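Below is one structure, written out as structure tokens; comments come after it.
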Amino acid sequence: MASKLFILFFFSLLSSTFVVAQSERKTTNMIGVGPTEVYDTYLSQEHFSGTGLSFLSTVQGVKAERCWSTLIEHQAHLATLSDRSDDSNELAGDYTFFIGRLRAFSLLPSITIEAGGMIAANVGFIYNMSNGNNPAQARVSLNVQPMVAATWRFSVFRRHAALRYETQLPLLGIMFSPNFGQSYYEIFSRGNYDHNIVPTTFVCAPNMRHQLMADINVGPHTTVRFGYLGDFQQSKVNNLKSHVYSNHFMIGFVKHFTITNHRP
């Protein structure tokens, strides 16, 4: 009898040395389509417009009873374009990786404000199918940017729903750009550097990114999300102007996970 009591006491003491910690993770995968406009004076003085496709993947994790969350986003974009006279065509694409930390503030039981900072790394290209010399332009940049988001939760036909607006504006960063009249052959084959790594701010590279999304719950852990993604990337460096504007309708699914960790 004494040995049984000792064993029960031992296991109760052992279990009390572990803490159960829960964290929530929300993943979102979306695809979108919509108009895209590209202008790059290194390749052409013409504006090109067409249709683009987007893919957006988001992972946001937050630990229980904490106001801070970690946000990771992957965004890819591909577009086929033509000029106003339909004599020349371009192909544009890019990939952006976002990572940041957000602090949540509850204004009302149904309204949450999130604010924080993110790092955005972008790599892409613009290819002009009509150019013999300098047919392509590389796009590489790294930015530090503040972010603000607001979420309103409500009910529709007895189903949980939410409306979320999110905006980002790069504060400062660096980007790659050839100089006016400089070829890629000069840069990479002859090694002629001419201010090709350029510091940027919101003045010379006033990029903006907006999301307006609506969520409707369709299951215990699954939500349908649809809405608008506006991504406006632009710069004026080395006497060259460039912009890539996209306005896309997005649709996808949000899944919620609860992770339980047992730690000493």
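Over the chain, give the accessible area per residue in Å² for a 1.4 Å probe, as an integer.
About 58 Å² of surface per residue is accessible.
Just to confirm the number: angle between the C-alpha axis of helix 2-15 and the first principal axis of the chain, 0 to 90 degrees, nearest 10?
Value to nearest ten degrees: 20.
Using only Cα atoms, what Kirkwood radius does region 94-203 have, in angstroms?
The answer is 17.3 Å.
For region 164-264, run through the trypsin sites (Lys or Arg not before Pro) and keep only the ones in DSSP coil with at most 14 other Cβ atoms within 10 Å of their Cβ.
R190
Would you calculate, for the chain, the mean residue ellipticity at 222 nm contributed by helices, counting each DSSP H stretch of 4 or more residues as -39,500 (n - 2.57) and dividing by all residues, to the nearest 500?
Helix contribution divided over all residues of the chain: -1500 deg cm²/dmol.
Probe radius 1.4 Å, ligands and nucleic acids ignored: give me the carbon and sulfur share of the accessible area of the chain as a rounded percent.
About 65 percent, which is the carbon plus sulfur part of the accessible surface.
Restricting everything to alpha-carbon atoms, can you work out Rg to Rh for region 33-175 with a Kirkwood hydrodynamic radius? Don't skip to the end; give the middle numbers.
Working: Rg = 19.4 Å, Rh = 17.7 Å.
Checking Rg against Rh, the ratio lands at 1.10.
Equivalent-ellipsoid semi-axes (√(5λ), Cα gyration tensor) for region 101-164, whole Å, largest first?
42, 18, 6
With only alpha-carbon atoms counted, please give the Rg and Dmax of region 72-127, in Å.
According to the Cα coordinates of region 72-127, Rg and Dmax are 18.4, 56 Å.
If you take every residue apart from T223 with its C-beta less than 10 Å away from the C-beta of T223, what net charge results, scoring Lys and Arg +1 and Asp and Glu -1?
+3
Please give the charge dipole size of the chain, origin at the Cα centre, charges +1 on K and R Cβ atoms and -1 on D and E Cβ atoms. Round to the nearest 20 debye.
1540
From the C-alpha gyration tensor of the chain, pull out the three semi-axes of the equivalent ellipsoid (sqrt of 5λ each), sorted largest to smallest, in whole Å.
Taking √(5λ) for each Cα gyration eigenvalue gives 46, 23, 16 Å.
State, to one decimal in nm, how far the label point of R66 lies from the label point of A115, with both points 7 Å from Cα in the Cβ direction.
For R66 paired with A115, the spin-label model returns 2.1 nm.
State the percent of C-alpha pairs, over all pairs in region 150-253, separated by a distance greater than 16 angstrom.
69
So what is the relative contact order of the chain, in percent, for Cα pairs below 8 Å that sit 6 or more residues apart?
With pairs under 8 Å counted, the relative contact order is 20 percent.
Within a Cβ distance under 9 Å of A214, other residues only, what is the Lys/Arg minus Asp/Glu net charge?
+1
The values are calculated or read from the model by the stated rules, or taken from the named source; none is laboratory data. Fair warning: this is a prediction, and the values are worked out from it, not measured in the lab. Because the Cβ atoms are built from the backbone with ideal geometry, glycine has one as well, and the counts that use them run over all protein chains shown. Heads up: the accessible areas ignore ligands, DNA and RNA and are worked out on the full protein's heavy atoms, side chains in. Shrake-Rupley method; radii C 1.70, N 1.55, O 1.52, S 1.80 Å.
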